[in-house]
Amino acid sequence: MLAAAFTQSPHTLLRVGDGFDLTAIDPDSTPGFEGNKVDGSRLLAAFDGQLSELQERLFAASRSGARDAVLLILQGMDTSGKGGIVRHVIGAVDPQGIRHHAFKQPAGEELMHDFLWRVARQLPGYGLIGCFDRSHYEDVLVHRVRGLSPLAEVEARYGMINGFESRLVGGGMRIVKVMLHISREEGRARLQERLDRPDKYWKYNPGDVDERRFWDEYMHAYQIALERTSTAYAPWFVVPANRKWYARLAVQRLLLDALQEINPQWPAAHFDVDLEKQRLAGS
């Protein structure tokens with residue numbers, strides 16, 4: 001028997017709604033979960049199988065015409081744990097059923113189109129779980145903080161994003177938007193670890209230190225983006241992420257909720273099962 005479980009649903013506790021205040025969220029907290037790291041790790045492993053089965057059912061149902069997909073959007077400051085979510089949560093399912101994309105700074109052909117063009121090209125097809133490591137939200141977050149676009153254009157993008165996501169949901173996609181919320185101090189500690197360990201040098205980017213100078217501005221930009229784009233059809237969830245094990249567990253739960261809401265079913269056989277058994281036995 002598991003030592004601990006969620007006492008309240010992360011889908012309710014972590015959802016961004018009216019009156020949301022990012023500054024009131026403690027990045028060290030573990031909302032809805034009273035266990036410790038060992039309990040959390042056990043629970044994560046215990047539900048790997050359920051997540052994997054639901055993903056396979058989603059994929060199988062699409063082979064018979066079901067028009068469902070799931071898109072997980074991961075946002076957060078550098079070192080917030082997006083890669084860990086991909087490895088420890090998404091990594092538990094069949095890679096054939098996943099479409100993962102990490103968005104970098106736009107370049108080449110991407111610069112010739114509007115900011116949603118490159119995002120639309122990476123969307124998961126029916127039967128797949130898509131995972132975006134950063135996303136179109138960079139075009140309101142970074143652009144607001146760094147002044148890369150006129151403020152009026154940034155303001156217009158919130159409405160464009162809502163319209164884009166509304167169309168996706170209308171087409172059968174469930175969107176799970178997660179902000180991994182770490183503290184400034186925890187971010188510094190994680191960068192320090194990358195500098196202290198030769199096996200982590202490859203993950204270190206000097207530009208991350210430059211961005212830390214704008215921490216407060218980014219938190220303000222997140223507050224605005226969360227307020228403007230957390231909708232009934234595509235809500236935001238803010239996951240406290242100082243404790244990596246809790247963040248992974250919470251995102252797993254949110255994904256499970258989305259898949260259970262779809263409730264994909266195994267397709268019925270398109271052939272006579274008994275006849276095929278007889279033919280196989282005689283082959």
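The values are calculated or read from the model by the stated rules, or taken from the named source; none is laboratory data. Keep in mind that this is a model prediction, so the values were computed, not measured. Note: ideal-geometry Cβ built from the backbone for every residue, glycine included; neighbour counts use all protein chains shown. Protein only, heavy atoms only, side chains kept; ligands, DNA and RNA dropped before computing areas. Shrake-Rupley method; radii C 1.70, N 1.55, O 1.52, S 1.80 Å.
Computed quantities for the displayed model
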{"item": "Output for the range 212-227, where each listed residue is under 22 Å from the mean Cα position of the chain (by Cα) and farther than 14 Å from residue 75 by Cβ", "result": "215, 220, 227"}
{"item": "Boolean, residue 166 is touching a residue at least 60 places away in the same chain (Cβ under 8 Å), of a type in the set (Gly, Ala, Ser) and within 25 Å of residue 224 (Cα to Cα)", "result": "yes"}
{"item": "Unique match (being assigned to a loop (DSSP other than H, G, I, E, B), under 18 Å from the mean Cα position of the chain (by Cα) and among the small types (Gly, Ala, Ser)) among 130, 125", "result": "125"}
{"item": "Residue pairs meeting the criteria (Cβ under 6 Å; at least 6 apart or on separate chains; first of a type outside the set (A, V, I, L, M), in the range 171-196; second part of a strand (DSSP E or B))", "result": "174/70; 177/73; 177/236; 181/238; 181/240"}
{"item": "Any hit, the range 159-176, residues being of a type in the set (A, V, I, L, M) and at pLDDT below 95", "result": "no"}
{"item": "Filter result (without any contact (Cβ under 8 Å) to a residue 40 or more places away in the chain, open to solvent by 70 Å² or more (accessible area, probe 1.4 Å) and not aliphatic (A, V, I, L, M)) within the range 1-35", "result": "7, 8, 12, 18, 19, 34"}
{"item": "Test: residue in the range 154-166 that is under 16 Å from the mean Cα position of the chain (by Cα) and either closer than 25 Å to residue 262 by Cα or among the acidic types (Asp, Glu) (or both)", "result": "yes"}
{"item": "Some residue of the range 150-158 being acidic (Asp, Glu), surrounded by 13 or more Cβ atoms within 10 Å (Cβ to Cβ), in contact (Cβ under 8 Å) with a residue 12 or more places away in the chain and part of a helix (DSSP H, G or I)", "result": "no"}
{"item": "Residue within the range 54-72 that is touching a residue at least 40 places away in the same chain (Cβ under 8 Å), open to solvent by 60 Å² or more (accessible area, probe 1.4 Å), in contact with a helix residue (DSSP H, G or I) (Cβ under 9 Å, 6 or more places away or on another chain) and not aromatic (Phe, Trp, Tyr) present", "result": "yes"}
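For every residue, the table says whether it meets (1) within 22 Å of residue 29 (Cα to Cα); (2) small (Gly, Ala, Ser); (3) modelled with pLDDT under 95.
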site	(1), (2), (3)
211	no, no, yes
223	yes, no, no
257	yes, no, no
269	no, yes, yes
